[in-house]
1. Determine whether residue 186 is buried (at least 18 other Cβ atoms within 10 Å of the Cβ), within 23 Å of residue 345 (Cβ to Cβ), modelled with pLDDT of 80 or more and in contact with a helix residue (DSSP H, G or I) (Cβ under 9 Å, 6 or more places away or on another chain).
2. Do we have residue 309 as in a strand (DSSP E or B), surrounded by fewer than 19 Cβ atoms within 10 Å (Cβ to Cβ) and not assigned by TED's automatic domain parsing to the domain that holds residue 238 here?
3. Hey, any hits in region 189-196 for a residue that's crowded, with 19+ Cβ neighbours inside 10 Å, modelled with pLDDT under 85 and touching a strand residue (DSSP E or B) at 6+ places or on another chain (Cβ under 9 Å)?
4. Report yes if some residue within region 273-295 is over 23 Å from residue 166 (Cβ atoms), under 30 Å from the mean Cα position of the chain (by Cα), outside any loop (DSSP other than H, G, I, E, B) and at pLDDT 80 or above; otherwise report no.
5. So, residue 161, is that one touching a strand residue (DSSP E or B) at 6+ places or on another chain (Cβ under 8 Å) and at pLDDT 80 or above or not?
6. Criterion first (part of a helix (DSSP H, G or I) and surrounded by fewer than 19 Cβ atoms within 10 Å (Cβ to Cβ)) does residue 109 satisfy it?
7. Do we find a residue being at positive phi, modelled with pLDDT of 80 or more and not in a helix (DSSP H, G or I) anywhere in region 62-80?
């Protein structure tokens, strides 16, 4: 009854709008590690060698195999129905998912009580459960890395993207990246922007990048790219200065500042998308032409021509170069990028149309 009460209380609190809930979760995690470690030691101390000799038989190995390779996977697949998890992810959870302490605790309690009451076979309960817990922990812990590689869930490179700022064009960009399989997390202090992002199915966190606790957020574990897209140049600079090493190991970029628009070579290594499009223009384009289009890149010269078109039309902003294998973020000085066969240019704004004659126009062009 005590365990049930705690579980119900956790479900209720988890669905309440509690302030500082994340801090409570962090404290709970630390406390859980401490208490569970102590509990495992205490439970193991109740097991005698004589108890283990009772289960030294082939039936024990058969029971272990059925639980580890049949019952547990069935439980995971049944409980994760309609969860959005892929089959390989469910297999990995079946192999290494947390388990054991509740069963061990209940078995220790009831096993001793049933033995004291003389119930036949009760002496097998505690050692059997202890053996199952110990066996699965040893097997899964020592093979987790290998199994993750076998089923394809091993993270070889941090390809996630952290976007500072959740304005309209940030959400458009995040939705595009998510559509093509990239993990994206939006961070903003504006609760309305965060709400809109979540309504679009995006991962978004209402947080202040000046906060010391943001680096501990579990949502940022696979982040390798950092995009600072706020309207405040000081915040963008601070985001790169503080988080480039932690979250920008594969690339850290920011929008160009308003005073850099006429000086494209200034800070070109960290500029993003375009040397002439600052936050104001990004918002204007997102407001009137809020859709990302794609156009196939035929050659390196063709790509350079497309970039020149975006420079002459403020309503077209180049964003990414995408192919089957990856998505490259376009820096503010993009002409040196190597274009692979089958790549497309993803851009925000008016649609670019190539005529049969090779002439390139925008969709709204009256010609």
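The values are calculated or read from the model by the stated rules, or taken from the named source; none is laboratory data. This is a predicted model, so every value here is computed, not measured. Please note: Cβ atoms are built from the backbone with ideal geometry, for glycine as well, and neighbour counts cover all protein chains shown.
1. So residue 186 does not fit the description; no.
2. Values: in a strand (DSSP E or B): no; surrounded by fewer than 19 Cβ atoms within 10 Å (Cβ to Cβ): yes; not assigned by TED's automatic domain parsing to the domain that holds residue 238: yes.
Judged against the criteria, residue 309 is not a match.
3. Keep residues of region 189-196 that are crowded, with 19+ Cβ neighbours inside 10 Å, which gives 193-194.
From what's left, modelled with pLDDT under 85: none.
Checked region 189-196: no residue is crowded, with 19+ Cβ neighbours inside 10 Å, modelled with pLDDT under 85 and touching a strand residue (DSSP E or B) at 6+ places or on another chain (Cβ under 9 Å).
4. Looking for residues that are over 23 Å from residue 166 (Cβ atoms), under 30 Å from the mean Cα position of the chain (by Cα), outside any loop (DSSP other than H, G, I, E, B) and at pLDDT 80 or above, one finds at least one in region 273-295, hence yes.
5. When the stated conditions are applied, residue 161 passes them.
6. yes
7. Of all residues in region 62-80, those at positive phi come to none.
Scanning region 62-80, I find no residue that is at positive phi, modelled with pLDDT of 80 or more and not in a helix (DSSP H, G or I), so the answer is no.
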